[in-house]
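S.K.: Below is one structure. I have some questions about it.
What follows is calculated from the coordinates using simple rules that are stated; it is not laboratory data. Given the structure is predicted, the values throughout are model-derived calculations rather than measurements. A quick note on method: Cβ atoms are made from the backbone with ideal geometry, for glycine too, and the neighbour counts reach across all protein chains shown.
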Amino acid sequence: ALLETVAIHQRNFEVMQRNFDSMVTEMREIQLEIREMRSDTREMQSEIREMQSEVREIQLDVRGLQTENRRILDILQNLPPGGSYE
């Protein structure tokens, strides 16, 4: 009976060891996925910063065009009647 109990305990231990090994493997896989996600997040943050910079440049261009359009409109509105451009 004692030998049978030892054999049962040994099998239980082996099952627990396999389960533990599986959990360790899964944990390592999850850690790798987390590292990849962090790397992807850093890349996305960098892309977002680049896009924000491009948006700021476009906003500056638009402001410049608006200023130029206002200047042209002022010139056109102040032309003498009759279409003389001299």
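S.K.: Looking at the structure I just gave you, is LEU60 surrounded by 10 or more Cβ atoms within 10 Å (Cβ to Cβ) and at negative phi? Give the derivation first.
M.R.: Values: surrounded by 10 or more Cβ atoms within 10 Å (Cβ to Cβ): yes; at negative phi: yes.
Taking the combined requirement at face value, the residue satisfies it.
S.K.: Among (1) assigned to a helix (DSSP H, G or I); (2) loosely packed, with under 10 Cβ neighbours inside 10 Å, where does ARG42 come up short?
M.R.: Going through the list (1) assigned to a helix (DSSP H, G or I); (2) loosely packed, with under 10 Cβ neighbours inside 10 Å, ARG42 breaks only (2).
S.K.: Across the range 63-86, what is the total count of residues that are surrounded by 10 or more Cβ atoms within 10 Å (Cβ to Cβ) and not in a helix (DSSP H, G or I)?
M.R.: Going through the range 63-86 one residue at a time, the tally reaches 1.
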